[in-house]
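The values are calculated or read from the model by the stated rules, or taken from the named source; none is laboratory data. The structure presented is a predicted model; accordingly, all values stated were derived computationally and were not measured. Methodologically, a virtual Cβ is constructed for each residue, glycine included, from the backbone with ideal geometry; neighbour enumeration extends over all protein chains shown.
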Amino acid sequence: MSKGSISPRIIVQGGAYRSMPCDKKDEYKKETKESARKGYAILMQNGGTAVEAVEAAVRELEDNGYFNAGYGSLLNNDREVECDAMIMEGHTLKCGAVISGRHFKNPVSLSKIIMYESPHCVLSGDGALEFAGIKKFPTCKPEELISEQAREKVKVSYKNYLDYVKYYYDGKPIGEETGDTLSAVAMDTDGHGDTVSAVAMDTNGHLACAMSTGGMVGKLKGRVGDVPLIGCGGYVNEKGGATVTGYGESIMRLTLARDVVYNMENGQNAQ
């Protein structure tokens, strides 16, 4: 099949929910489908690239407040939003990522600028903010990223998370004594959690992936999850692409997304 004649594809996910309330399922599905439509519309344009498509799809999820990304992200232990995001282009292996973004409604778009317009792959915190200023990228006050829903979730989940951190640092197992606090945190977020992402293939057969997240509720300030670490939460090359969601610390230990693509390179299908 010649370049430019390949049928474009996009896959979008809004998180792996354990406890999504029944009254919100339709809204989550609607917003996820709209995200996929936004990305697919770009792929159907003449010259629309996979990178542009995954950026647009993830931006849609960052903007609407339903998902744990951009506006409405879950809060850390200081009641602040710290966003992580990444984007990657398969045929060049170019990548860009933002760590602990507190002034960006669309960290995935800043990640794309880092990928194309800087010599680096990842920028964090104040460095990312300074770079955004140089590039005249839109910024906001940190409080503008906080939704009322996120404020309520951290009130409920924060004590459970502190219990988890205490037992982890004390070297004790998590079990009946702590009430399985990791599960408690997941349940208390009322389904509002996990990572959003997209993987796409354009008409030239080029692949790209993008991800965005606010991380786990009540996380320690400065905690970095799997999303901005290339090969952990997401990875793409000429052979395949993958994004994953779940407990970031476990994903990082396995460099899970890279491992999935490695298996695809060796003849296994995506499923």
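Some notes on this structure:
- Gly241 being farther than 30 Å from Asp126 by Cβ and of a type in the set (Gly, Ala, Ser): yes
- Residue count for region 104-134 satisfying the condition of being out of contact with any Leu (no Cβ under 7 Å at 6 or more places or on another chain), over 12 Å from Pro228 (Cα atoms) and not in a helix (DSSP H, G or I): 4.
- The one condition from (1) modelled with pLDDT under 95; (2) under 13 Å from Thr195 (Cα atoms); (3) among the aliphatic types (A, V, I, L, M) that Leu75 does not meet is (2).
- Any hit, region 64-86, residues being assigned to a helix (DSSP H, G or I), among the hydrophobic types (A, V, I, L, M, F, W, C) and more than 19 Å from Gly205 (Cβ to Cβ): no
- Residue check for Ser212: out of contact with any Phe, Trp or Tyr (no Cβ under 9 Å at 6 or more places or on another chain), modelled with pLDDT of 95 or more, of a type in the set (Ser, Thr, Tyr) and buried (at least 24 other Cβ atoms within 10 Å of the Cβ): no
- Selected residue [modelled with pLDDT of 95 or more and either over 16 Å from Asn76 (Cβ atoms) or not β-branched (Val, Ile, Thr) (or both)] from Ser124, Ser157, Ser147: Ser124
- The listed residues are Asp259, Asp226, and the only one of them that is modelled with pLDDT of 95 or more, of a type in the set (Asp, Glu) and in a loop (DSSP other than H, G, I, E, B) turns out to be Asp226.
- Hits in region 72-88 (condition: surrounded by fewer than 24 Cβ atoms within 10 Å (Cβ to Cβ) and under 28 Å from Arg258 (Cα atoms)): none
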